[in-house]
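Working notes for the structure below.
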Amino acid sequence: PAKCILCGRCVRICEEIMRTCSFDFAYRGNELKIATTLGKPLNYSNCTSCGQCLIACPTGALIEHVQFPEVEASIHAPDTLVVAQYSPAVAIAVGEQLGMRPGTDLGGMIAAVLRRYGFDFVFESAFGSDLLIVEQATIFEERLKEGRDFPLLTSSCPAWVHFLEQYYPELLSELSPLKSPHQMTGALIREWLPSMLESGKKEIVSVLITSCTAAKTEARKVEMTRGGVPVIDLVLTTRELARMIKLSGLDLEQLEPEPPDAPFYSPVSAGKLTGVAGGEVEATVRTLYHSATGKEISPSKLHRFRIHKSMRTMLVKAGQREISIGSVSGLSHAVALLEEIKSGKRKLDLLEVMACPGGCINGGGQPIPVDEALIRTRTKAIYELDNSSSLHSAHGSPALKKSYQDFLGEPGGKLSVDLFHTTFTKREVLL
């Protein structure tokens, strides 16, 4: 691109995360030549769309595929119901681009702004995270009975899934069959929301607001459609949301916070933890502990799992059972850990993998610039939401219980499998 100054930061960050490429930049005349010096070159085939190169770019030469103009067109279209869901990582980061203190939670303000912008419903992706946690605990219990040796690998990060499909297809059977939390929420918006409306004739446009640029690619995958129709139509990043708010002319100081809409809104903090590396496993263990003992585990007993490292492991005793859990962020670190597990050097029961260092709070769609201190601030903000909550476990969510009672039936049931499970396929790296 014209703005590119050939600094190579995007290449360096990609090497640190993927370890699949090493480029040598050479500027000759007016032609930018990229030569492979090690491994396979990065291209549209093997790029995981994690977006870390966007964060690394110092000039803005690299940007995401902007879709908020399409959202605006949908809002003004007749007979169209525009529905939004936003992730926890968005709520604690969007304020940075609006001149607020880093780590400020704008969850309630996002709902207020989007309603005034023209959205008909505003939901929270954390509800889908609660669903994922409960369903994942069910899957874990089933695999435990089967005596599986390899850990259950989480599937909530689309960039990680894409990477595994390309470079470790032999491990796809160990991957959780669940879709990402926002895709699970999107499936409910498609299948359940119409029955709650007075008239089901309106076309639903489902919009996801997330910190994850890989979610844009994920939304176009055939596996994420129902009857050939995408579950999520448009995906906006945190940066796009900030631009929308600025262009709207709304004065945030004149608005009062508003909660997201029911039924896809949960007051528990478990789903919000998925915004940070290690949070999904921590929340899942809370439900597994309850399943094994009938009691709630104190969040303080899992605080040791919150160390600020790329890789963390912990042994949790749940009654007579011991659960070995792990979390890793950054795909290069994931590769190293997977090799240890395959060689038998390390034993785990449940492993969470996030492509972006630090997890979704450092996703490719988050505000720029970012540094280690800012990542820690965002992480702390998520943990504070959990610490201040009176409801910590997904299985204790009243909204979640009602969704199973009124629509889904039971975790792992026929409808849950139909809506929330997907398949993964080996993907060839073309070049």
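Within the range 272-300, residues that are under 20 Å from A126 (Cα atoms) reach partners that are surrounded by fewer than 18 Cβ atoms within 10 Å (Cβ to Cβ) and hydrophobic (A, V, I, L, M, F, W, C) with beta carbons closer than 7 Å, at six or more positions or on different chains, in the pairs L288/A318.
Inside the range 250-290, residues that are touching a Cys at 6+ places or on another chain (Cβ under 8 Å) and open to solvent by less than 10 Å² (accessible area, probe 1.4 Å) make up a count of 2.
Looking only at residues of the range 383-430 that are part of a loop (DSSP other than H, G, I, E, B) and of a type in the set (V, I, T), we find that the one that is surrounded by the most Cβ atoms within 10 Å (Cβ to Cβ) is T422. Against the definition (of a type outside the set (S, T, N, Q), over 23 Å from M100 (Cβ atoms) and either open to solvent by less than 60 Å² (accessible area, probe 1.4 Å) or in a strand (DSSP E or B) (or both)), how does I232 come out, yes or no? Spelling it out, I232 is indeed of a type outside the set (S, T, N, Q), over 23 Å from M100 (Cβ atoms) and either open to solvent by less than 60 Å² (accessible area, probe 1.4 Å) or in a strand (DSSP E or B) (or both). When G359 is tested against (1) of a type in the set (G, A, S); (2) under 30 Å from P194 (Cα atoms); (3) in contact (Cβ under 8 Å) with a residue 12 or more places away in the chain, just one condition goes unmet, and that condition is (2).
Taken over the range 355-377, the criterion of being in contact with a Gly (Cβ under 8 Å, 6 or more places away or on another chain) and not in a loop (DSSP other than H, G, I, E, B) is satisfied by C360, I361, I375, T377. Filtered by the rule that a residue be part of a loop (DSSP other than H, G, I, E, B) and crowded, with 19+ Cβ neighbours inside 10 Å, the range 336-354 gives L348, D349. Looking at E64, E31, E15, E72, just one residue is open to solvent by 60 Å² or more (accessible area, probe 1.4 Å) and either under 30 Å from I245 (Cβ atoms) or at pLDDT 50 or above (or both), and that residue is E72. Filtering the range 75-104 to residues that are open to solvent by 30 Å² or more (accessible area, probe 1.4 Å) and of a type in the set (S, T, N, Q) leaves Q97, T104. Note on the range 82-200: enclosed helices (runs of 4 or more DSSP H) holding 2 or more residues that are over 22 Å from K414 (Cα atoms) and more than 18 Å from the chain's Cα centre (by Cα) are 107-117, 158-167.
Could you grab me the full set of residues in the range 48-61 that are of a type in the set (S, T, Y) and either at negative phi or modelled with pLDDT under 85 (or both)? Matches in the range 48-61: T48, T59. If you go through the range 246-303 and pick out every residue that is in a loop (DSSP other than H, G, I, E, B), within 30 Å of L197 (Cβ to Cβ) and among the hydroxyl-bearing types (S, T, Y), you end up with 3. Residues in the range 304-335 that are in a loop (DSSP other than H, G, I, E, B) and either of a type outside the set (A, V, I, L, M, F, W, C) or open to solvent by less than 20 Å² (accessible area, probe 1.4 Å) (or both): H308, K309, S310, G319, Q320, G330.
Would you mind stating whether R321 is on the phi < 0 side of the Ramachandran plot, at pLDDT below 95 and either within 22 Å of the chain's Cα centre (by Cα) or of a type outside the set (G, A, S) (or both)? Spelling it out, R321 is indeed on the phi < 0 side of the Ramachandran plot, at pLDDT below 95 and either within 22 Å of the chain's Cα centre (by Cα) or of a type outside the set (G, A, S) (or both).
With respect to A89, is the statement that it is of a type outside the set (S, T, Y) and modelled with pLDDT of 95 or more true? It is true that A89 is of a type outside the set (S, T, Y) and modelled with pLDDT of 95 or more.
The values are calculated or read from the model by the stated rules, or taken from the named source; none is laboratory data. What you see is a predicted model, and the numbers here were worked out from it, not measured in a lab. Glycine also receives a Cβ, built like all others from the backbone with ideal geometry; neighbour counts cover every protein chain displayed. Ligands, DNA and RNA are excluded from the accessible area calculation, which covers all protein heavy atoms including side chains. Shrake-Rupley method; radii C 1.70, N 1.55, O 1.52, S 1.80 Å.
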